[in-house]
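Below is one structure; the comments refer to it alone.
The values are calculated or read from the model by the stated rules, or taken from the named source; none is laboratory data. Keep in mind that this is a model prediction, so the values were computed, not measured. Glycine also receives a Cβ, built like all others from the backbone with ideal geometry; neighbour counts cover every protein chain displayed.
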Amino acid sequence: MVQEIMGCIQNLALYIDPSAKAGFTLKVVGLPVTLLLDREGQEIGRLVGPAEWETPEMVSFFIKIIAKHKTIANKAAHQPPPRIAGGVIAAK
């Protein structure tokens, strides 16, 4: 059944976790669940339950969250890297 559904989707790899370790590690309490991750793999959003991705509200949500994280990434790129002093990371 998964292959039937995935046959309609392009540009998204199929990952199956037969051990269910990912669900425990990510503290998934129900299915379906959608995790929104940033480029560093940090969770920035979670939706438990079914979703209608093509609704205007959902499209607007993604546009806003992407813009927000681009702004954060741009600010971080223009800051000097943290210094390590005496084994402690100190940002200036």
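Descriptive notes on the structure:
- Within the stretch 30-50, considering residues that are out of contact with any helix residue (DSSP H, G or I) (no Cβ under 9 Å at 6 or more places or on another chain) and either surrounded by 11 or more Cβ atoms within 10 Å (Cβ to Cβ) or among the hydrophobic types (A, V, I, L, M, F, W, C) (or both), the one farthest from residue 63 (Cα to Cα): 48
- Verdict on residue 27 being of a type in the set (Lys, Arg) and exposed (fewer than 10 other Cβ atoms within 10 Å of the Cβ): yes
- Given (1) modelled with pLDDT of 85 or more; (2) out of contact with any helix residue (DSSP H, G or I) (no Cβ under 8 Å at 6 or more places or on another chain), number of the condition residue 17 does not satisfy: (2)
- In the stretch 51-65, the residue that is surrounded by the fewest Cβ atoms within 10 Å (Cβ to Cβ) out of those that are aromatic (Phe, Trp, Tyr) and assigned to a helix (DSSP H, G or I) is 62.
- Verdict on residue 68 being out of contact with any His (no Cβ under 7 Å at 6 or more places or on another chain) and either small (Gly, Ala, Ser) or surrounded by 10 or more Cβ atoms within 10 Å (Cβ to Cβ) (or both): yes
- Restricting attention to the stretch 15-24 and to residues that are exposed (fewer than 10 other Cβ atoms within 10 Å of the Cβ) and hydrophobic (A, V, I, L, M, F, W, C), the residue that is nearest to residue 74 (Cα to Cα) turns out to be 16.
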